Amino acid sequence: MGKLIEVRKLNMHYPVTDGLMGNVKGYVYALNNIDLDIYQNEILGLVGESGSGKSTLGNCILKLIQPTSGEVIFDGENILTKSKKELHSFRKKAQLIFQNPYMSLDPRMKVYDILKEPFLVHGIKDNNIINPKIRQIINLIGMREDVLTRYPHEFSGGQRQRIAIARAIILNPEFIVADEPVSALDISIQAQIVNLLLDLKEHLNLTMLFISHDLSIIKFISDRIAVMYLGEIVETAEKNELFNNHKHPYTKALLDAVPVISDDKNCKKIILEGDLPSPQNPPEGCKFHTRCPYVTEKCKKEKPELKLVSDNHKVRCFLCE
Ligand code: SF4
């Protein structure tokens, strides 16, 4: 499989200003030297605690926010250097599914108008093109055509998320960022939406960055997984490799935090203590050193690089060198 997206040395540092004079008094280091590849027709799961930078990374890849520095190569072109006008065709190819379907649909618009809007934004006004496509997509997401004349408030959370997904795929994108797309839904509905996304991926040949803090959902939907900690990628691997042969202590801590019923009292778990350090004042050396049970003096002073440890498996930890 070829690469659809290459993220290179991506940094997002938000300036922190003092209220009166507007002087920059520091930075929030939200993303730091991110290097990441996303392959065609794969679902890359992005996992980490709240505040680790997952959504910021998704937004930077779509250029919804302009990163401080770095490159996002999409189909061979760096989209970060493109003007608003030049981004027009990229916007058709890359879409976002939001976390909250209650906020992401305009309550004053009927479903038909919500689904028609992306065509109008891209200058397509011919109803002979628009209407068959809207009917096709509504069937594809498992809804009946009579929903087109109704308003978002008439639907449940799961149905609204289906409509939001329909809007995201209606222009045949190649790439979707799904940012916690099921975390606002009832647990019984989550599986339906995750299965729908898997079907759409196959049917439409989609590539997806699936952001979640829920490891069971990430395990179910992803082909590969990237683990983030405090604005850095600390481990990437194929799904089975990551779950069965993870190397980074933070990945182990995340997996150990998932409750399982087991009699194995000898199984040594890493319990994450304390909160994520502030991204405004991140620790020197390895960013995980303040919570890592294997910390050494070297970890407190030197920064580990993200290194290949086996096929398609990269880890940022001195223990793996
Ligand atoms: Fe822990 Fe050191 Fe590895 Fe960081 S580099 S994860 S502190 S062992």
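Residue-wise test of (1) modelled with pLDDT of 95 or more; (2) more than 16 Å from the ligand (Cβ to nearest atom).
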| residue | (1), (2) |
| --- | --- |
| 217 | no, yes |
| 236 | yes, no |
| 293 | no, no |
| 300 | yes, no |
| 317 | yes, no |
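Every listed requirement among (1) open to solvent by 90 Å² or more (accessible area, probe 1.4 Å); (2) more than 14 Å from the ligand (Cβ to nearest atom); (3) in contact (Cβ under 8 Å) with a residue 12 or more places away in the chain is met by residue 275 save one, (3).
Being at negative phi, basic (Lys, Arg) and surrounded by 16 or more Cβ atoms within 10 Å (Cβ to Cβ), is that true of even one residue in segment 45-55?
Checked against the condition, which is being at negative phi, basic (Lys, Arg) and surrounded by 16 or more Cβ atoms within 10 Å (Cβ to Cβ), segment 45-55 yields at least one hit.
Summed over segment 278-291, the residues that are open to solvent by less than 50 Å² (accessible area, probe 1.4 Å), of a type outside the set (Phe, Trp, Tyr) and within 14 Å of the ligand (Cβ to nearest atom) give a count of 7. When restricted to residues that are open to solvent by 50 Å² or more (accessible area, probe 1.4 Å) and not in a strand (DSSP E or B), segment 217-240 contains 4.
Take the residues in segment 174-216 that are aliphatic (A, V, I, L, M) and open to solvent by 20 Å² or more (accessible area, probe 1.4 Å); name whichever of them is nearest to residue 50 (Cα to Cα).
184
The values are calculated or read from the model by the stated rules, or taken from the named source; none is laboratory data. Please read all numbers here as calculations on a predicted model, not as lab measurements. Glycine also receives a Cβ, built like all others from the backbone with ideal geometry; neighbour counts cover every protein chain displayed. In case anyone asks, the SASA skips ligands and DNA or RNA and just uses the protein heavy atoms, side chains included. Shrake-Rupley method; radii C 1.70, N 1.55, O 1.52, S 1.80 Å.
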